[in-house]
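Novice: Dropping a structure here in structure tokens format, bear with me for questions.
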Amino acid sequence: MKRNETISIRYPWLRLFLLACVTLLIQGYHLGVDDGEIYIPAIKKVANPKLYPFGAEFFESHAHMSLFSPLVGETARLLHISAEFAVFCWYIGCTFLILIAGWQLAQIFFRTVRAQWGAVALLAALLPVPVAGTALVLSDNYLSARSFSAPFALLAIGFMLRGRLRMAFVWLVVTALFHPQMAVYCAAFLMLYWYFDRSSQNAEQPVRLLAMAAPSAGLLHSFSLQPAVGAYRDVLYSRTYFFAYGWHWYEWIGAVAPLLLLALFAWRTPRAASVAMATTSRVLIVLGAFSTVVFLVFSSSHRFDNLTRVQPMRMFHLVYLLMFVMLGGVIGEYVLRAKPWRWIALFVPLALGMFTLDRSEYAYSPHIELPGLTAGNAWLEAFAWAREHTPVDAVFALDPEYMAIPGEDLHGFRALSDRSMLADAYKDSGAVTMFPRLLDDWQQQEQMLRGWRSFGPSDFERLAQISPVTWVVVERRQEGGLDCPYSNAAVAVCRLAIK
């Protein structure tokens, strides 16, 4: 867009960094929770290849598709710092980077400083917001590949809006190196924006963008048009967010409302906003509507079961990020204006709401889990003891649904203990949905743990005989008759006798 080629982006680096720190205090930080159980072990294995001699395939299947784990793991190894500290530093850096990307977009969309700060402030305040029914939030309160791909995609879009197509392509490539799926969504935006904005026509660049998307789109060839059957069907259907009929009514509002708001921006663009904002809104409407139609088609027949893994509604992650930048700018320009008390009246309640949201989800854990901090959560303390007092080649077993036990707060055992374990039913089953080749191993290990909550000493003895398990983490009610060198108010870490 030639009118934007002359835009000079000036970054208030210090203020953006301070805002990133405030965002950390509001949103919180949690090591190894949720998808972190997939990402963190891969990082630690890069830093120390001796870790996880058993069961690594459940997290390495994701890791081999991205530079995320090698980058963070090599950071820890080369700087001789702990993996936990490297992860924490990169988390802060990614939060800073997403605000930098948001600032670039804000300066493209709006001319006034108050609109620009409104855009970035609203983006920062709403980073923990869920994206409709996709099981995503704008920015996780733990480090993941999305922590990198989100700001990289926004930077690519910002350069496209400024008419700097080569730089847009570079950042698209970087996005693909960290998260191929998110790069496909970004490439779709860039190509459609170019189509809508004919004044920046350059036939060669869209071809390059399409070439970038093609390898990832080619992954569709690995999806068969056959109904899922047997155990794989059960695992696939346990992810209700893969299917339209699994969404609640309020999640559908989260998909429809943004498109209506974008329609307002597209056809009644505020005077303080640029043409680029109107064009961006139109692009997002088309992409959001198209993704929704594809989602409904994939959910309409069991023949498309395998295609549901594509998760087309994840396009709304990009829709939400850009929408909140636009909305924040409009609010800053026309509502908050130069009235400090209005800024306080809006953002203090928002900050308190996001803080409360984190405390409700991780009620038994520190709000900011600094490296090495485990106090206050019995499960974290047990995992830390296992890391310090058991052999590196130890193989553990836990309740297959341990991450959902009240008080555990979704923390992953592998991520925090640095030890191998039999596959669980919470995160490892998610790896199976994306990589069906893992099904046999997962099913075999799941069978070994079936009936775990009624296990007694004889069952644990049998488990030691039929599996590589040498240690278990059990709730206190199950420790009777076991050799448990560590226990606390909630759980015990017990050694199994090998015969």
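Novice: Does the range 43-62 hold any residues that are among the charged types (D, E, K, R) and open to solvent by 30 Å² or more (accessible area, probe 1.4 Å), and which are they?
Specialist: Matches in the range 43-62: Lys45, Lys50, Glu57, Glu60.
Novice: Take Val131 and decide whether it is open to solvent by less than 20 Å² (accessible area, probe 1.4 Å) and closer than 23 Å to Gln27 by Cα.
Specialist: yes
Novice: Please go through the range 10-42 and give me each residue that is open to solvent by less than 60 Å² (accessible area, probe 1.4 Å) and assigned to a loop (DSSP other than H, G, I, E, B), ordered by number.
Specialist: Result: Tyr11, Pro12, Gly28, His30, Leu31, Gly32, Asp34, Asp35.
Novice: Here's something else I'd like to know. Looking only at the range 402-412, how many residues end up being part of a helix (DSSP H, G or I), within 13 Å of Val473 (Cβ to Cβ) and hydrophobic (A, V, I, L, M, F, W, C)?
Specialist: Residues in the range 402-412 being part of a helix (DSSP H, G or I), within 13 Å of Val473 (Cβ to Cβ) and hydrophobic (A, V, I, L, M, F, W, C): 1 in total.
Novice: If you check Ser66 against the conditions, is it over 30 Å from Leu321 (Cα atoms), open to solvent by 10 Å² or more (accessible area, probe 1.4 Å) and either of a type in the set (S, T, N, Q) or touching a residue at least 40 places away in the same chain (Cβ under 8 Å) (or both)?
Specialist: Criteria not met by Ser66.
Novice: Still on this model: Just one of Thr240, Thr269 is modelled with pLDDT under 95, under 24 Å from the mean Cα position of the chain (by Cα) and β-branched (Val, Ile, Thr); which is it?
Specialist: Thr240
Novice: Right, Phe316: of a type outside the set (Gly, Ala, Ser), within 28 Å of Tyr195 (Cβ to Cβ) and open to solvent by less than 10 Å² (accessible area, probe 1.4 Å) or not?
Specialist: yes
Novice: Additional query: Within the range 413-499, which helices (runs of 4 or more DSSP H) (wholly inside it) include 1 or more residues that are closer than 22 Å to Ala63 by Cβ and either touching a Cys at 6+ places or on another chain (Cβ under 7 Å) or not acidic (Asp, Glu) (or both)?
Specialist: 413-417, 428-434, 439-448
Novice: For the range 427-459, give me each residue that is hydroxyl-bearing (Ser, Thr, Tyr) and in contact (Cβ under 8 Å) with a residue 60 or more places away in the chain.
Specialist: Those that are hydroxyl-bearing (Ser, Thr, Tyr) and in contact (Cβ under 8 Å) with a residue 60 or more places away in the chain: Ser429, Thr433.
Novice: Would you mention how many residues in the range 43-84 are among the small types (Gly, Ala, Ser) and part of a helix (DSSP H, G or I)?
Specialist: Number of matching residues: 7.
Novice: Still on this structure: Considering only residues that are closer than 18 Å to Lys44 by Cβ and open to solvent by less than 20 Å² (accessible area, probe 1.4 Å), look in the range 363-381 and name the one that is farthest from the chain's Cα centre (by Cα).
Specialist: That would be Leu380.
Novice: So for the range 344-354 (the condition being in contact (Cβ under 8 Å) with a residue 60 or more places away in the chain and not aliphatic (A, V, I, L, M)), does at least one residue qualify?
Specialist: yes
Novice: Report yes if some residue within the range 124-132 is assigned to a helix (DSSP H, G or I) and under 17 Å from Pro151 (Cβ atoms); otherwise report no.
Specialist: yes
Novice: Something else: Can you tell me which of (1) over 21 Å from the mean Cα position of the chain (by Cα); (2) acidic (Asp, Glu); (3) open to solvent by 20 Å² or more (accessible area, probe 1.4 Å) is the one Asp399 doesn't meet?
Specialist: (3)
The values are calculated or read from the model by the stated rules, or taken from the named source; none is laboratory data. This structure is a prediction, so every number in the text was calculated from the model and none was measured. Reconstructed Cβ throughout: ideal geometry from the backbone, glycine too, with neighbour counts over all protein chains shown. Ligands, DNA and RNA are excluded from the accessible area calculation, which covers all protein heavy atoms including side chains. Shrake-Rupley method; radii C 1.70, N 1.55, O 1.52, S 1.80 Å.
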